[in-house]
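Chemist: Sending over a structure as structure tokens; questions will come in a sec.
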Amino acid sequence: LDPDRLPRFDKGWQSVVDGLRAGRFFVTTGEVLIPEFTVNGQSSGSTIAMKPGDRPEIRVDLRWTFPLQFVEVISGDGTQVFRERIDCSDTGPFERRTFRLTPKLTGRTWVRVEAWDVAVNGAFTQPVWLTPRS
């Protein structure tokens, strides 16, 4: 699915189906948008290899209508779910910002991002999968 082009009805919807199957999409209530989300340059549905102690760069481009309340990095290790919240009380209405985050993800098997505004509108990504690398 080319993010810069809408699929044409007369050409079929296979590119949309392929993107959904691969996990390359985000979910939104409509007021918060996530045009870009990557972990070490890889988008949702991808797998990246990590050494112990690696702190991959999460890049998330957000656009919103109402001021943001917080952005949250959510990850898991197969047993527990971990949350790291970033306060966004310094944002205003109708803004956009690219967040670059480097959370500790040692031992985790997946990571995704959520963003919520002051009116409880939100958006979240699908996970990027993390595998150990020696």
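Read-outs: derived from the displayed coordinates by stated rules, not from any lab. Fair warning: this is a prediction, and the values are worked out from it, not measured in the lab. Note that we place each Cβ from the backbone using ideal geometry, even for glycine, and neighbour counts take in every protein chain shown.
Chemist: If packing is taken as the mean number of other Cβ atoms within 10 Å per residue, what is the order of 89-98, 24-33, highest first?
Modeler: My ranking of the peptides, most packed first, is 24-33, 89-98.
Chemist: Kindly state, to the nearest 0.05, the FRET efficiency for T29 paired with T102, given R0 = 25 Å and r defined as their beta-carbon distance.
Modeler: The pair T29/T102 has a calculated efficiency of 0.35.
Chemist: Can you give the relative contact order of the chain as a percent, counting alpha carbon pairs under 8 Å and 6+ residues apart?
Modeler: Rounded, it is 31 percent for the chain.
Chemist: Plugging the Kirkwood radius over Cα pairs into Stokes-Einstein for the chain, at a temperature of 10 °C and a viscosity of 1.306 mPa s, what D comes out in µm²/s?
Modeler: 101
Chemist: Additional query: Once the dipole of the chain is set up with Lys and Arg at +1 and Asp and Glu at -1 on Cβ about the Cα centre, which of T65, P35, G12 lies farthest towards its positive end?
Modeler: G12
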